[in-house]
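Reading through the structure tokens given below for one structure.
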Amino acid sequence: MNIRDGDKFVKLYVKLSNDYPSSAPPYYELSAPHLNFQQKNHICQLLEEVYLSAIGEPILYAWIERIREELQINNNNDLKEPNSEENDEKIAQIVPSLNDIEECPKIYHGDVIVDRKSSFQGHAAQVFSVKQVKLVLKSLLEIKKIDQATHNIYAYRILNDDTKIVAQDCEDDGESQAGGRLLHLLQIVDVKNVIVVVSRWYGGIHLGPDRFRHINNAARQALETANLISRNKDHKK
């Protein structure tokens, strides 16, 4: 389902369980590339609140309306706050630094893949919150070589064990469609509570579709180095 207001939209993928709506919420995955981390995480929290306030009742229509309302609020706030620097200062006064909230998870790095002067390297970590996703990205970009990469593509999936809701998102960072392919890889291998980042240093020669193969291979290698694929399989058992 596509839910849109203005230039912002949310894609909501829903699968109804056998116990819906009597005793279990729908299983859903959320994709909203035009929203920031806080906005997406807030929407997930709102959907949980809707479910908890109406257990045993159908909630899909209520979810759609709640997301649409939130998109309208975000658009209105954007119009009211044209000065982003001033707004960032206000947020900084209220929100503690990320390092004060949680520690950065351990980040694993894969080997560098080189093809026609372009280099690819995957990085992966186990995460349980969007805050940890931001910490991983911040930590990686503090490494000068990674910060200077032509593209830092990433995707993540986070499972809420209580509601069985998966929050996920991805970023192309200028490499069109690469983020979505990374997210698709995470879905295929069915890993959750994971972020994978692939850094690409462009060597001046176009690789065509081969670049996507290298991105996927670098991501899978990083996941295997971190033992995140087998760890997820063991958790399912």
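Go through 197-204, 42-49 and give me the packing order, highest mean Cβ count within 10 Å leading.
In descending order of packing, they fall as 197-204, 42-49.
Using a simple spin-label model with points 7 Å from Cα along the Cα→Cβ vector, what separation in nm is obtained for Asp161 and Ile73?
It is 2.9 nm.
Take the cross-link list Lys106/Lys134; Lys40/Lys144; Lys11/Lys134; Lys11/Lys106; Lys164/Lys192 and give me the ones stretching past 19 Å between alpha-carbons.
Lys40/Lys144; Lys11/Lys134; Lys11/Lys106
Give, as a single signed number, the net charge of other residues whose beta carbon lies under 15 Å from the beta carbon of His109, with Lys and Arg counted +1 and Asp and Glu -1.
Local net charge: +1.
Net charge around Thr150, counting only other residues with Cβ within less than 13 Å of its Cβ (Lys, Arg = +1; Asp, Glu = -1)?
0
What spacing in nm lies between the two simple spin-label points modelled at Lys11 and Glu224, each 7 Å away from Cα in the Cβ direction?
Those two pseudo-labels are separated by 2.8 nm.
Which value results when the Cα radius of gyration for the stretch 107-202 is divided by 2.2 N^0.38 Å?
1.07
For Asp190 and Tyr202, calculate 0.36 nm times their separation in residues minus their Cα-Cα distance, and state this gained length in nm to one decimal.
That pair, Asp190 and Tyr202, stretches by 1.3 nm at full extension.
Read the figures in this text as sums done on the coordinates, not as results from a lab. These figures come from a predicted structure and were not determined experimentally. All Cβ positions, glycine included, derive from the backbone under ideal geometry; neighbour counts span all protein chains shown.
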